[in-house]
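Here the structure comes first, spelled out in structure tokens, and everything after it is commentary.
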Amino acid sequence: MELSSAKTDQTIRIKTLILTLGSDDQIRGDASKLRGFFATKFNEYKLLHQHDVDRFIYKYPLVQYKMIDSAPMVLGINEGVDVLKEIYDKYDSIRLGETEYQIFERQIKVMELEFGLSDKFHQYRFLTPWIALNQENYQKYNGLDSKGKKDLLQRTLIGNVLSMSKGLGYRVPDKIKADVRVQKVLRRLKDTPVDAFYGTIITNFLIPDYFGVGKSVSRGFGTVQRVTNISNETRRMF
């Protein structure tokens, strides 16, 4: 599908807080367990667990939990920034599964970051696996040839970015272009094996570092980090 890019950056600034935690021991565990700790200890904050009473909040998560190189990270976005400011120092240890870790270091970084359609192409790498496929398009994906699979993933990525934009109150003013260069890996989500993807993506959209793309981003999946602007040679591919 042929898409046109915007002529100038049309971005907004997103308030962001990154909280990283350090212990005297190597922290072992996944982002889902980190989410479980905060959701249980501070259950009164809906943004920490994405539930309102017993109903799941189907919206782009404003608090996301990551494990990056065995280091716990919690990302707050917009209203999520205020929540993390309130609770970040109200615990001296975290329990992940059966293990408790004493917290000796906390680092907080508060920023306003650009988000939105760009006049340049940007490359991102997945720091954590991207869960792109739901049950419906998983069956479709497996029946396609390599070109069809890539086209489906590119459309899915664009859909992920549109969904993220809607959740952050950003109206995309023009068409999004995207290219994916990924490999499939098997991961577990809620004790269920799922197909996920590692690699890089290229798009004319500015996504702040450590934001999650795709499914289950509150549990740390689909975390991106920008690599570099795209060369003229790569730009001509679009």
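The values are calculated or read from the model by the stated rules, or taken from the named source; none is laboratory data. Quantities reported herein were computed from a predicted structural model and do not represent experimental measurements. As a convention, Cβ positions derive from the backbone with ideal geometry for all residues, glycine included, and neighbour counts pool all protein chains shown. Remember, those area values only see protein heavy atoms, side chains included, never the ligands or the DNA or RNA. Shrake-Rupley method; radii C 1.70, N 1.55, O 1.52, S 1.80 Å.
Here are the numbers:
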item: Options 174, 191; residue that is over 18 Å from the mean Cα position of the chain (by Cα) and either closer than 22 Å to residue 31 by Cβ or open to solvent by less than 30 Å² (accessible area, probe 1.4 Å) (or both); result: 191
item: Residue match in the stretch 67-76 (condition: over 17 Å from residue 195 (Cβ atoms), among the polar types (S, T, N, Q) and surrounded by fewer than 16 Cβ atoms within 10 Å (Cβ to Cβ)); result: yes
item: Filter pass, residue 138 being farther than 19 Å from residue 167 by Cα, of a type in the set (Ser, Thr, Tyr) and out of contact with any Pro (no Cβ under 7 Å at 6 or more places or on another chain); result: yes
item: Filter result for residue 71 (at pLDDT below 95 and closer than 27 Å to residue 184 by Cβ); result: yes
item: Breaking point among (1) modelled with pLDDT of 95 or more; (2) at positive phi, for residue 65; result: (2)
item: Residue that is out of contact with any Cys (no Cβ under 9 Å at 6 or more places or on another chain), modelled with pLDDT of 95 or more, surrounded by fewer than 20 Cβ atoms within 10 Å (Cβ to Cβ) and not small (Gly, Ala, Ser), where the choices are 20, 16, 40; result: 20
item: Positions within the stretch 23-35 being open to solvent by less than 50 Å² (accessible area, probe 1.4 Å) and within 12 Å of residue 66 (Cα to Cα), in sequence order; result: 29, 31, 34, 35
item: Flag for residue 68 being touching an Asp or Glu at 6+ places or on another chain (Cβ under 8 Å), touching a residue at least 60 places away in the same chain (Cβ under 8 Å) and of a type outside the set (Phe, Trp, Tyr); result: no
item: Positions within the stretch 137-171 being among the charged types (D, E, K, R) and open to solvent by less than 70 Å² (accessible area, probe 1.4 Å), in sequence order; result: 149, 151
item: All positions within the stretch 84-102 that are within 18 Å of residue 63 (Cβ to Cβ) and surrounded by 13 or more Cβ atoms within 10 Å (Cβ to Cβ); result: 84, 85, 87, 88, 91, 94, 96
item: Sole exception among (1) at pLDDT below 95; (2) open to solvent by less than 80 Å² (accessible area, probe 1.4 Å) for residue 111, by number; result: (1)
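This table checks each residue for (1) modelled with pLDDT under 95; (2) outside any loop (DSSP other than H, G, I, E, B); (3) more than 22 Å from residue 60 (Cα to Cα).
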position: 194; (1), (2), (3): yes, yes, no
position: 197; (1), (2), (3): no, yes, no
position: 200; (1), (2), (3): no, yes, no
position: 203; (1), (2), (3): no, yes, no
position: 210; (1), (2), (3): no, no, no
position: 215; (1), (2), (3): yes, no, no
position: 224; (1), (2), (3): no, yes, no
position: 227; (1), (2), (3): yes, yes, yes
position: 234; (1), (2), (3): yes, yes, yes
